[in-house]
Amino acid sequence: MRLRITVPRASRDGPERPVDQTWELDVPEGATVLDCLEELKGRHDGTLTFRASCRSAICGTCAMVANGRSILACRTQARQAAARGGRLRLEPLRYHPVIRDLVVDLAAYWRHYAAIVPWVTPAPGSPEREHRILPRDVERMGLAETCIHCGVCLSACPIALSDPDYLGPAALVAAWRFVNDSRDTRRRERLRIVDSAHGPWRCHTVFNCAEACPKGIDPTQAIVRLRGLIARERLSGRL
Amino acid sequence: MTSWLLQRVSAVILLGMLFWHLAAAHFPPRDIDFDNVVTRLADPAWKLFYAVFLALALFHALNGVWQVAGDWTVVQSHRRSIMALLWVTGAVFLALGLQVIVVFDSVVAVARP
Amino acid sequence: MLRAVSERVEWRRLGFWVWMLRRVSGLGIAFYLLLHIVVIHQLVAGRATFDQAMDLFASPAFRLGELAVVVACIVHAVDGVRVMAIEAFDLARAERRMLWLSATVAGVAVALGGTPLLLHLLGLRLVLP
């Protein structure tokens with residue numbers, strides 16, 4: 001199929017405004033957006049810059065915006081992403097400074113993630129047996145553990161536009177995941193961190209993130225559950 | 001959290017009160033004139049109903065505006081100013097509305113020939 | 001370098017528009033409420049002023065506005081209930097089904113509530129048995 005791909009060429013060391021560049025190319029029907037980018041870089045313009053690694057939706061590196069929708073390039077069919085006439089506009093993820101072309105500086109994403117204490121702090125001392133996590137905890141987490149930190153959810157979220165300090169779907173999913181981990185001892189501290197003006201109260205159940213997530217995670221569900229949990233604990237005085 | 005929670009609490013109560021108000025005031029549809037409003041507002045039970053309805057509606061509306069403002073303002077001092085403005089607006093309009101609801105009988109006495 | 005992304009927000013998603021409807025209708029109703037309080041306050045000025053105001057509001061433009069407020073209230077309330085249901089009963093996974101249900105309920109409510117107003121606007125009267 002014939003595609004007409006446009007990418008805003010930009011560099012943080014270069015001119016202020018990005019300049020659109022368009023290519024016409026022929027790709028097989030089942031080509032992914034990443035396949036197209038590889039084709040462009042390989043045969044049309046070697047200076048085109050983008051991130052990619054595993055090609056199988058597990059590393060989370062190739063996230064970007066295609067015709068206005070945040071996607072994972074390796075997991076998105078070019079035919080589906082493209083508009084009528086095979087027009088495909090590829091842009092970097094939203095809300096993050098562009099380093100070059102489709103590569104962004106994800107420092108803000110990781111800052112939000114780090115803020116929620118994203119690791120298990122078990123009770124001190126060595127246990128007699130392994131640290132156990134209960135099956136009911138795993139079930140409650142939903143698919144939170146499968147997050148590949150691609151950043152698509154944050155890019156899709158409309159709240160992140162107006163509130164750059166919003167923790168965002170990924171960080172809140174991670175918070176939900178750790179709060180439900182029975183092995184962790186810093187639960188209350190984490191809930192207190194999350195319970196801020198930029199926490200789950202900023203979510204307006206838009207569901208953009210859930211629709212966009214390439215791993216099928218529903219961050220809105222996690223955020224709604226997190227809100228319920230914090231509300232119950234605060235009202236009963238436990239928080 | 002409080003804003004989020006109270007928005008839902010007020011929403012549920014307002015929903016019930018809205019249906020009641022619609023049933024009493026707007027169905028079957030008729031022209032609103034001084035008389036049918038007067039009849040209702042002279043009744044102390046309706047006075048109480050509308051006082052509560054007004055307070056809750058104002059709260060829900062302005063709390064909603066606060067949510068929108070919260071999405072767009074990050075600076076603490078800006079947020080405080082907006083919060084203050086919303087409280088003042090709420091107080092002023094509550095006063096205006098309560099004046100009508102509470103004071104009504106004497107107005108009726110004055111207005112009727 | 002926000003300009004690298006031509007659309008600053010991801011509006012090409014269904015959830016975005018549902019939320020926008022809820023937000024815009026909410027802000028519209030809030031503004032109307034403040035206006036409404038001022039208008040009803042005219043009651044304090046006595047019968048003549050009130051009747052004068054009511055005559056103004058009988059005009060087609062205002063009746064259309066009235067219809068808009070009713071539709072806005074229905075849309076806002078129905079979507080609000082949907083959000084509350086998702087929150088109270090952990091129904092996030094049923095989002096699409098709930099959207100269909102909301103749209104149906106809102107449609108029915110608008111038909112029931114809006115039709116009399118629309119007829120009234122067009123100068124017709126609904127004669128009930």
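With neighbours defined as other Cβ atoms within 10 Å of a residue's Cβ, the residues C:57, B:19 order from fewest to most as B:19, C:57. Over the residues of chain A, the helix contribution to mean residue ellipticity at 222 nm works out to -8500 deg cm²/dmol, using -39500 (n - 2.57) for each DSSP H run of at least 4. Ranked by the mean number of other Cβ atoms within 10 Å per residue, highest first, peptides C:25-34, A:220-229 order as A:220-229, C:25-34. Remark: B:82, C:74 ranked as B:82, C:74, counting other beta-carbon atoms within 10 Å and listing the fewest first.
Take the convex hull of the alpha carbons in chain A; its mean projected area over all directions comes to 15.4 nm². The fraction of all Cα pairs in the protein assembly as shown landing in successive 20 Å bins from 0 to the largest distance is 20, 44, 28, 8, 0, given as whole percents. When +1 charges are put on Lys and Arg Cβ atoms and -1 charges on Asp and Glu Cβ atoms, the dipole computed for segment C:12-121 relative to its Cα centre reaches about 460 debye. Considering only A:194, A:102, A:209, the residue lying farthest towards the positive end of the dipole of chain A is A:194, judged by Cα position with unit charges set on Cβ.
Shown for C:18, C:110, A:120: other C-beta atoms within 10 Å of each C-beta, ranked fewest to most, produce the order A:120, C:110, C:18.
All of the numbers you see were taken from the coordinates with simple rules; none came from a lab. The shown structure was predicted, so the numbers you read here are calculated from the model rather than taken from an experiment. Methodologically, a virtual Cβ is constructed for each residue, glycine included, from the backbone with ideal geometry; neighbour enumeration extends over all protein chains shown.
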